[in-house]
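Novice: Before we start, here is the structure in question, set down as structure tokens.
The values are calculated or read from the model by the stated rules, or taken from the named source; none is laboratory data. This is a predicted model, so every value here is computed, not measured. Glycine gets a Cβ as well: all are built from the backbone with ideal geometry, and neighbour counts include every protein chain shown.
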Ligand SMILES: NC(=O)c1ccc[n+]([C@@H]2O[C@H](COP(=O)([O-])OP(=O)(O)OC[C@H]3O[C@@H](n4cnc5c(N)ncnc54)[C@H](OP(=O)(O)O)[C@@H]3O)[C@@H](O)[C@H]2O)c1
């Protein structure tokens with residue numbers, strides 16, 4: 001099969017488009033003939049092994065464990081492991097695992113669901129990490145309620161475009177923060193208010209939000225907390241990827257928030273069938289639609305990763321296979 005391969009940690013320049021063996025599913029895995037994959041910031045972190053923390057999470061300390069990266073994918077089941085009970089050859093599915101930047105990939109059945117016929121392979125591949133992160137941030141960590149006022153910093157990227165739509169489906173009032181070129185997009189997916197971060201600082205808007213979802217936490221936390229009402233919740237999911245900054249913010253952010261009478265949360269999304277099915281239902285009911293900003297061929301995957309690594313992707317970036 002054709003795939004995007006690497007043997008060491010490094011930038012997208014080390015990736016090679018070449019022939020390799022088709023993977024064989026383990027007992028609990030399904031083998032997918034990949035139709036589409038999507039690119040997440042996680043992919044370039046796994047590619048570089050940076051922050052170092054990621055190497056400790058099972059990706060390999062000195063050498064990468066996975067030669068083929070790519071977490072989110074959709075396609076058709078070609079074979080199943082002996083313990084798989086929910087899928088059969090020919091099923092159209094989407095889910096998350098590792099190895100999606102290739103013609104074939106194996107993922108555990110527990111991280112895949114059936115793709116509805118109404119959903120394209122590209123739309124389905126766009127969902128897993130970004131969609132589930134947005135859902136768990138708002139519903140579980142933010143405890144978002146109808147009519148609450150939520151601010152989403154970084155509203156035009158992968159997580160942001162899902163979060164705006166999920167929040168609107170939950171009945172919230174949404175302020176979306178993005179750069180000027182993306183204001184129209186964020187408005188078109190339902191944001192009630194917009195702030196262009198290249199012109200205005202959201203913490204100076206004079207509004208006190210119930211919840212802030214920060215996908216681009218590059219500002220001192222004290223500024224973001226000052227835009228929250230007392231008791232409000234700040235959820236930081238993205239920002240600096242420097243190990244020391246992550247470590248310091250894990251220690252000091254909750255202390256600073258406590259002193260100011262606010263709460264902070266951060267988490268790693270848990271991708272599973274229940275959450276994928278929840279988002280699938282929202283899509284089938286027309287409540288949300290993935291925003292696909294760019295699409296690339298498999299051979300062009302290194303460019304797609306480079307683009308996501310800029311931190312300014314518009315919606316989701318998708319890899320389409322023949
Ligand atoms: N904890 C988890 O489980 C988890 C899961 C998924 C993602 N993440 C993290 O969450 C972050 C967002 O992920 P993503 O997939 O949405 O990334 P993405 O698609 O690359 O989107 C990033 C967004 O941030 C915006 N942005 C960049 N600089 C900004 C600034 N200074 N102020 C406000 N917005 C700014 C960009 O908008 P403009 O183009 O308009 O600048 C872009 O829309 C990443 O850091 C990722 O690693 C964490």
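Novice: For the stretch 123-137, indicate whether the set of residues that are surrounded by fewer than 24 Cβ atoms within 10 Å (Cβ to Cβ), over 13 Å from the mean Cα position of the chain (by Cα) and at pLDDT 95 or above is non-empty.
Specialist: yes
Novice: Give the residues of the stretch 168-183 that are buried (at least 24 other Cβ atoms within 10 Å of the Cβ), within 19 Å of the chain's Cα centre (by Cα) and more than 8 Å from the ligand (Cβ to nearest atom), sorted by residue number.
Specialist: Within the stretch 168-183, 176 is the sole residue that qualifies.
Novice: Quickly run through the stretch 21-59 and pick out the residues that are exposed (fewer than 15 other Cβ atoms within 10 Å of the Cβ) and without any contact (Cβ under 8 Å) to a residue 40 or more places away in the chain.
Specialist: 21, 56, 57, 58, listed by residue number.
Novice: Among the strands (runs of 3 or more DSSP E) lying completely within the stretch 87-170, list those that include at least 3 residues that are assigned by TED's automatic domain parsing to the domain that holds residue 76. Don't jump to the end; show me each part of the working.
Specialist: Working: elements: 92-96, 104-108, 112-114, 149-153.
Ranges flagged: 92-96, 104-108, 112-114.
Novice: For the stretch 306-322, give me the residue count where each residue is part of a helix (DSSP H, G or I) and within 11 Å of the ligand (Cβ to nearest atom).
Specialist: So in the stretch 306-322, the residues part of a helix (DSSP H, G or I) come out as 306-309.
Next, from what is left, pick out any that are within 11 Å of the ligand (Cβ to nearest atom): 307-309.
Counting residues in the stretch 306-322 that are part of a helix (DSSP H, G or I) and within 11 Å of the ligand (Cβ to nearest atom) gives 3.
Novice: Separate question: For the stretch 227-255, which residues satisfy the criterion of being in a loop (DSSP other than H, G, I, E, B) and at pLDDT below 90? Can you show your working first?
Specialist: In the first step, residues of the stretch 227-255 are kept if they are in a loop (DSSP other than H, G, I, E, B); the result is 227, 237-238, 240-242.
238, 240, 241, 242, listed by residue number.
Novice: Which one of these is touching a residue at least 60 places away in the same chain (Cβ under 8 Å), under 20 Å from the mean Cα position of the chain (by Cα) and surrounded by fewer than 24 Cβ atoms within 10 Å (Cβ to Cβ): 118, 110?
Specialist: Values: 118 fails: under 20 Å from the mean Cα position of the chain (by Cα).
None of the other options fit; the residue is 110.
Novice: Also: State all residues of the stretch 60-70 that are surrounded by 19 or more Cβ atoms within 10 Å (Cβ to Cβ) and free of Cβ contacts under 8 Å to residues at least 60 places away in the same chain; if no residue qualifies, say none. It would help to see each step written out before you state the result.
Specialist: So in the stretch 60-70, the residues surrounded by 19 or more Cβ atoms within 10 Å (Cβ to Cβ) come out as 64, 68-70.
Correct list: 64 only.
Novice: Need pairs with beta-carbon distance below 7 Å; first residue in contact (Cβ under 8 Å) with a residue 60 or more places away in the chain and under 14 Å from residue 210 (Cβ atoms) and within the stretch 148-174, second in a helix (DSSP H, G or I) and near the ligand (Cβ under 8 Å from one of its atoms); sequence gap 6+ or separate chains.
Specialist: Listed by first residue and then by second, the contacts come to 152/160.
One line per residue, one yes/no per condition, for (1) outside the structural domain of residue 179 (by TED's automatic domain parsing); (2) over 18 Å from residue 71 (Cβ atoms); (3) in contact with a helix residue (DSSP H, G or I) (Cβ under 6 Å, 6 or more places away or on another chain):
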position	(1), (2), (3)
232	no, yes, no
276	yes, no, no
296	yes, no, yes
316	yes, no, yes
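Novice: Take residue 194 and decide whether it is in a helix (DSSP H, G or I), in contact with a strand residue (DSSP E or B) (Cβ under 7 Å, 6 or more places away or on another chain) and more than 15 Å from residue 131 (Cβ to Cβ).
Specialist: On the way: in a helix (DSSP H, G or I): no; in contact with a strand residue (DSSP E or B) (Cβ under 7 Å, 6 or more places away or on another chain): yes; more than 15 Å from residue 131 (Cβ to Cβ): yes.
Spelling it out, it is not the case that residue 194 is in a helix (DSSP H, G or I), in contact with a strand residue (DSSP E or B) (Cβ under 7 Å, 6 or more places away or on another chain) and more than 15 Å from residue 131 (Cβ to Cβ).
Novice: Within the stretch 145-167, which residues are surrounded by 24 or more Cβ atoms within 10 Å (Cβ to Cβ) and touching a strand residue (DSSP E or B) at 6+ places or on another chain (Cβ under 6 Å)?
Specialist: 150, 151, 152, 153, 155, 156, 158, 160, 163, 164, 167, listed by residue number.
Novice: Under 6 Å between Cβ atoms, which residue pairs at least 6 apart in sequence (or on different chains) link something in the stretch 202-222 that is exposed (fewer than 15 other Cβ atoms within 10 Å of the Cβ) with a partner that is at pLDDT 95 or above?
Specialist: Within 6 Å, the pairs are 208/229.
Novice: Output yes when any residue across the stretch 285-296 is within 14 Å of the ligand (Cβ to nearest atom) and not in a strand (DSSP E or B), and no when none is.
Specialist: Among the residues of the stretch 285-296, at least one is within 14 Å of the ligand (Cβ to nearest atom) and not in a strand (DSSP E or B), which makes the answer yes.
Novice: Among the residues that make up the stretch 253-270, is at least one of them more than 14 Å from the ligand (Cβ to nearest atom), at positive phi and touching a strand residue (DSSP E or B) at 6+ places or on another chain (Cβ under 6 Å)?
Specialist: Yes, because at least one residue in the stretch 253-270 is more than 14 Å from the ligand (Cβ to nearest atom), at positive phi and touching a strand residue (DSSP E or B) at 6+ places or on another chain (Cβ under 6 Å).
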